[in-house]
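A short reminder: the numbers here are calculations on the coordinates, not readings from a lab. None of these values were measured; they are calculated from a predicted model. Note: ideal-geometry Cβ built from the backbone for every residue, glycine included; neighbour counts use all protein chains shown.
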């Protein structure tokens, strides 16, 4: 008969949450600063995990090379993969997305919503308006501007999977599912796990660190954690590239429609992407508090102005009637 070994890592998210549930008075009172945020010592010699970076870079480079050398086969593979996921796993997106919405609402309104993602004495780093602007700019970006307008028309023309074409309410409902509460709940699940792990428990700012309660410290720092981080890097790179590409196509279409450039070609796209990439690098180098915050605030102002413009000059009554219809669908 074996005796259980004591947990070598008692300061985990699981134990802290369990303690909070045992003592209802814990939340709302001070947590000791040393326990809330205990950053790990920095080892300059191990700042990068070259296995993670190397494998992720190899996958990205190989994928880009495939797309450049065999665009037709790559496009066919991507289309078939997307079709397989939509046809066979679409139900999972709907169910898990809805569960995440309910879960995040419960967390927000419960006593766990009072936990500060930072030191107990720390003030918010940015204004609430700036936080919201940065979340919209980084979380949805150009996708909301593009697909927010095209998805209802596409769903109306082709129909939402499982429904017939030309159903107005269903077309709008499908768009709301993609761009309202459900995506934000998915973002919040990941962001909350990383933020709590980093700013309350002092762990590394890696996706794998959020899995310590499931994998253990050794598992999260081992090959399992590396696989998680590699997948996270690949998803982030291709997700950013998709948003950048959609933005470049929109700008090209705008230049063509306005008559500024007749028949913009490939080099126009390359130039647009180069300018956007340079702007992205400059904003990232300047830091979150400067470039990213300022660009996000400007982005939010322009988006709000566009929404007001469309609402006032567009079919206002139709838009107002469509909102409850879509939500009920």
Sort 122, 167, 151 by Cβ crowding within 10 Å, fewest neighbours at the top. 122, 167, 151
Between residue 123 and residue 75, what FRET efficiency follows from the Cβ-Cβ distance if R0 is 51 Å, with the result rounded to 0.05? 0.55
Candidate values (i) 18.0, 52; (ii) 23.2, 81; (iii) 18.8, 60, label of the one derived for Rg and Dmax of the Cα atoms in Å: (ii)
Average Cα contact separation per residue, the chain, under 8 Å, 6 or more apart, as relative contact order %: 24 percent
Calculated [θ] (222 nm, deg cm²/dmol) that DSSP helices of n ≥ 4 give over the chain, each run adding -39,500 (n - 2.57): -24000 deg cm²/dmol
Restricting to Cα pairs under 8 Å and 6 or more apart, the percent relative contact order of the stretch 220-328 works out to 13 percent
Highest average packing first - 191-204, 65-78, Cβ atoms within 10 Å: 191-204, 65-78
